[in-house]
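First comes the structure, then the notes that go with it.
Quick note: the coordinates plus some simple rules give every number you see, no bench work behind them. The shown structure was predicted, so the numbers you read here are calculated from the model rather than taken from an experiment. Methodologically, a virtual Cβ is constructed for each residue, glycine included, from the backbone with ideal geometry; neighbour enumeration extends over all protein chains shown.
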């Protein structure tokens, strides 16, 4: 009987022992190592990035932009060509419609042209252009997710267990800045157990804006954070599939905005490299 109890106790504790053997730093080191290979694979894709960005005050929609952009790889990252923009901004008589960035719109009630210098429109366009970076092949700013070896050096990781997320077996890794005083990101990364690629990564600010700044200047950004999901393409390349954020901006006690942003990468097309083989006997001797 005692022997049976020992076997049962060992069986119950075995999963815990196995979990303790898994080292979060080793997992993330492998993730960082695979990013270079994946980055090279992403350089062969052209895709459409669909984005919706909105600014609200309470329940009132102040400005909204829905855009489609074609993203093509470039030596330094990517190039983004705006294909379509559907925008609306709240004015004294209702919503004004615009279809291009930084352009004037017609007020149908006053029959006059209004130069839009609206704060909410500027805010929405700034969010869209700054967070959807042309310096990465993902079309999303790499500074938001500390997965590369360069960024990982500043972060501490903790293994929380194995789970199933988006149909994949994953390691659940918690991360935060090594230095408690750093204003970086904290969050959770769900890493595919076979490919060592991120499946979902979510972040939030590791520290609040100092109380002195909030009290004296009335400035705060509660809820700031981002979530990104990845999808496996048919050729084995992992690519960001969706990206989202929702947070508030409080400035100078009087300015309050709720910002939402949702992005989807789609219509992936793999570029083809055509090459021509020329027989050496067809080349003139002086050009060989």
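Counted residue by residue at 0.36 nm each, then reduced by the alpha carbon distance between them, the extension gain from residue 178 to residue 126 reaches 15.7 nm. Extension gain for residue 57 to residue 23 (0.36 nm times residue separation, less C-alpha to C-alpha distance): 7.8 nm. Net length available on complete extension from residue 194 to residue 269 is 24.5 nm, with 0.36 nm assigned per residue and the Cα-Cα distance removed.
Take the Cβ atoms of residue 233 and residue 93, set R0 to 45 Å, and the FRET efficiency comes out at 0.45.
Approximating the spin labels as points 7 Å out from Cα along Cα→Cβ, the residue 37-to-residue 260 distance works out to 3.9 nm.
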